[in-house]
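Some notes on the structure that comes next.
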Amino acid sequence: MFGDLMGMMGKLKEARQKAEETKKRLDGVLLQEEGAEGMLKVEVTANREIREIQIDKELLGDKDALEDYLLLTLNRALKKAEEVHNTEMAAVAREGMPNIPGMDQFMK
């Protein structure tokens, strides 16, 4: 019994370590999104951190339009990042889970 418990604890520790490694790796996964017909570009990491914003000079003259484009483009980029992040972290969680009878029904 204790061998199984120790094995499970070891697997959980390993899963936690893999999750941390995955988070670090996702800092290097860059996603780009464009708005305003390419006049606005944003870059975010898969950990949902904004890395870069490029704004064409034409957009600087219309504050309201620029704000709208920024909101839309950033939200699309962050949604992409969220999807990549969640997919990667779910894979790590599934891989690192100890074999507990009945738990497979919750991992679908």
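Of the residues making up the range 9-31, those that are in contact with a helix residue (DSSP H, G or I) (Cβ under 7 Å, 6 or more places away or on another chain) and of a type outside the set (Lys, Arg) are Glu14, Ala15, Ala19, Thr22, Leu26, Val29, Leu31.
Considering only residues in the range 83-93 that are surrounded by fewer than 14 Cβ atoms within 10 Å (Cβ to Cβ) and not small (Gly, Ala, Ser), the one that is nearest to Val42 (Cα to Cα) turns out to be Glu83.
Residue under question is Glu67, and the condition is that it be touching a strand residue (DSSP E or B) at 6+ places or on another chain (Cβ under 8 Å) and acidic (Asp, Glu); does it hold? No. Count of the range 1-57 residues, restricted to those that are polar (S, T, N, Q) and surrounded by 13 or more Cβ atoms within 10 Å (Cβ to Cβ), is 4.
The listed residues are Thr22, Thr73, and the only one of them that is in a helix (DSSP H, G or I), β-branched (Val, Ile, Thr) and in contact with a strand residue (DSSP E or B) (Cβ under 7 Å, 6 or more places away or on another chain) turns out to be Thr73. Assess whether Leu12 counts as being at pLDDT 95 or above, of a type outside the set (S, T, N, Q), out of contact with any Lys or Arg (no Cβ under 6 Å at 6 or more places or on another chain) and not in a loop (DSSP other than H, G, I, E, B). Here the answer is no, as Leu12 does not meet what is asked.
The values are calculated or read from the model by the stated rules, or taken from the named source; none is laboratory data. This is a predicted model, so every value here is computed, not measured. Positions of Cβ are generated from backbone atoms using ideal geometry, with glycine treated the same way; all protein chains shown enter the neighbour counts.
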